[in-house]
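Peer 1: Let me begin by handing over the structure; questions about it come next.
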Amino acid sequence: MKQVFESDQISYVEVSDLLVNDHGDLPGQKKEAEEETFMEDYIAGNKAAWEEAFANRDPAWGADITERLQKEDYPFFNEETKSVLKRLATKDAVIGQFCCNNGRELLSLVKCGGARKGIGFDIAENQVAFANAKAKELDLPCQFEAVNIYDIDDRYREQFDIVIITIGALCWFHDLQRFFAIVAKCMKPGAVIVINEQHPCTNMLATEGDEPYDPEHRLECHYSYFEHEWTGNEGMYYMTQKHYHSKTFTDYTHPLAEIISGMCASGIVVTGFQEFDYDISDIFASVDHGGFPLSMIIEGRKG
């Protein structure tokens with residue numbers, strides 16, 4: 001580069017040649033390509049790990065969906081989330097859920113809220129097949145799509161009156177701004193969103209099996225509150241009820257500012273925020289009601 005700037009005769013073409021890599025890409029193009037490859041790799045890995053977990057699920061996992069939907073009011077939602085959902089205009093609405101797992105929450109909201117239609121998205125094909133079979137069994141107007149959330153196309157543009165996102169969804173996305181841009185695209189103008197998630201502060205806590213975990217000091221903070229990546233091969237115990245060496249899961253922690261900024265950048269205005277000191281993840285129940293924020297509800301509206 002020093003020789004380049006010493007020459008008064010250097011041409012535009014010669015400078016460009018220095019900036020182009022072996023594949024003919026400009027540096028920005030190369031970076032975008034690398035980011036896209038990274039995204040595809042970790043998402044494909046998570047898809048395989050989730051499908052493995054569901055294929056090895058405990059027989060009891062999901063076995064109570066039919067009975068509870070027939071007997072209970074808004075099953076599979078905690079009381080605070082029920083309260084929020086019951087004041088929404090769900091009657092004849094079209095409701096979307098991103099990362100719907102086995103479909104039980106969307107089925108519950110569509111049935112109990114009298115919605116016209118529910119559409120759920122999840123990356124695991126076998127979970128989606130299970131959810132569609134359950135919707136057919138219960139004769140509920142729900143359909144479930146197996147898709148990478150980042151790849152949801154314009155068929156769903158401005159389709160939803162209401163969107164729900166529940167525990168264990170946001171952590172699977174490296175780029176929350178991109179995630180919320182997809183969500184907002186699918187929402188009608190004026191549509192509302194309800195997020196019931198694990199509180200970001202829990203990402204600072206060690207859990208049983210972590211090296212710094214101390215059962216006498218469970219609320220000690222050992223990890224950074226700000227974003228970091230986790231990888232693991234410990235499986236999904238809550239689904240399988242067994243320990244096994246699984247395919248690799250990759251997930252990310254996000255501070256509250258990143259969640260809210262991602263919503264706002266996509267045209268979603270935050271209209272409500274609640275924090276609770278009880279666990280909804282089945283990970284931190286031992287510190288319930290200890291004064292530490294463990295879960296939250298965020299409400300928003302698309303402008």
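The values are calculated or read from the model by the stated rules, or taken from the named source; none is laboratory data. What you are looking at is a predicted structure, and each value in this text was computed from that prediction instead of being measured. Using ideal geometry, Cβ is built from the backbone for each residue, glycine included, and neighbour counts are taken over all protein chains shown.
Peer 1: Quick one: in the stretch 254-303, of everything that is at pLDDT below 95 and touching a strand residue (DSSP E or B) at 6+ places or on another chain (Cβ under 7 Å), which residue is nearest to residue 184 (Cα to Cα)?
Peer 2: 303
Peer 1: Let me ask something additional. Hey, does the stretch 79-94 have a residue that's under 23 Å from residue 51 (Cα atoms) and touching a residue at least 24 places away in the same chain (Cβ under 8 Å)?
Peer 2: no
Peer 1: Here are some residues: 210, 122. Which one is modelled with pLDDT of 95 or more, at negative phi, acidic (Asp, Glu) and out of contact with any Ser or Thr (no Cβ under 6 Å at 6 or more places or on another chain)?
Peer 2: Criteria check complete, one pass: 122.
Peer 1: Report, by residue number, each residue of the stretch 113-128 that is free of Cβ contacts under 8 Å to residues at least 40 places away in the same chain and part of a helix (DSSP H, G or I).
Peer 2: 113, 128
Peer 1: Select, from 246, 266, the only residue that is farther than 25 Å from residue 76 by Cα and within 18 Å of the chain's Cα centre (by Cα).
Peer 2: 266
Peer 1: Just the residues that are surrounded by fewer than 17 Cβ atoms within 10 Å (Cβ to Cβ) and among the hydrophobic types (A, V, I, L, M, F, W, C), please, taken from the stretch 257-282.
Peer 2: Matches in the stretch 257-282: 257, 264, 265, 269, 270, 273.
Peer 1: Ok, one more. Go over the candidates 191, 131 one by one and state the one that is within 16 Å of residue 101 (Cα to Cα) and touching a Phe, Trp or Tyr at 6+ places or on another chain (Cβ under 7 Å).
Peer 2: Step by step, each of 191, 131 is checked, and only 131 is within 16 Å of residue 101 (Cα to Cα) and touching a Phe, Trp or Tyr at 6+ places or on another chain (Cβ under 7 Å).
Peer 1: What is the number of the single condition among (1) closer than 23 Å to residue 274 by Cβ; (2) surrounded by 21 or more Cβ atoms within 10 Å (Cβ to Cβ) that residue 201 does not meet?
Peer 2: Every condition holds for residue 201 apart from (2).
Peer 1: When you scan the stretch 61-69, do you find a residue that is without any contact (Cβ under 8 Å) to a residue 60 or more places away in the chain, over 24 Å from residue 50 (Cα atoms) and assigned to a loop (DSSP other than H, G, I, E, B), even just one?
Peer 2: Within the stretch 61-69, not a single residue is without any contact (Cβ under 8 Å) to a residue 60 or more places away in the chain, over 24 Å from residue 50 (Cα atoms) and assigned to a loop (DSSP other than H, G, I, E, B).
Peer 1: Now a separate question. Can you confirm whether residue 80 is modelled with pLDDT of 55 or more and not basic (Lys, Arg)?
Peer 2: Against the criterion (modelled with pLDDT of 55 or more and not basic (Lys, Arg)), residue 80 qualifies.
Okay, residues lined up against (1) surrounded by 11 or more Cβ atoms within 10 Å (Cβ to Cβ); (2) among the basic types (Lys, Arg); (3) at pLDDT 65 or above; (4) under 29 Å from residue 277 (Cα atoms):
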{"position": "14", "(1), (2), (3), (4)": "yes, no, no, no"}
{"position": "22", "(1), (2), (3), (4)": "no, no, no, no"}
{"position": "62", "(1), (2), (3), (4)": "yes, no, yes, yes"}
{"position": "68", "(1), (2), (3), (4)": "yes, yes, yes, yes"}
{"position": "71", "(1), (2), (3), (4)": "no, yes, yes, yes"}
{"position": "88", "(1), (2), (3), (4)": "yes, no, yes, yes"}
{"position": "112", "(1), (2), (3), (4)": "yes, no, yes, yes"}
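Peer 1: For a quick check of your reading of the model, give me the residue pairs whose first member lies in the stretch 40-60 and is more than 23 Å from residue 176 (Cα to Cα), whose second is of a type in the set (Lys, Arg), with beta-carbon atoms closer than 6 Å and at least 6 apart or on different chains.
Peer 2: Cβ pairs passing all conditions: 52/247.
Peer 1: A follow-up question, please. Restricting to the stretch 70-94, what's the tally of residues that are assigned to a helix (DSSP H, G or I) and aliphatic (A, V, I, L, M)?
Peer 2: Of the residues in the stretch 70-94, 2 are assigned to a helix (DSSP H, G or I) and aliphatic (A, V, I, L, M).
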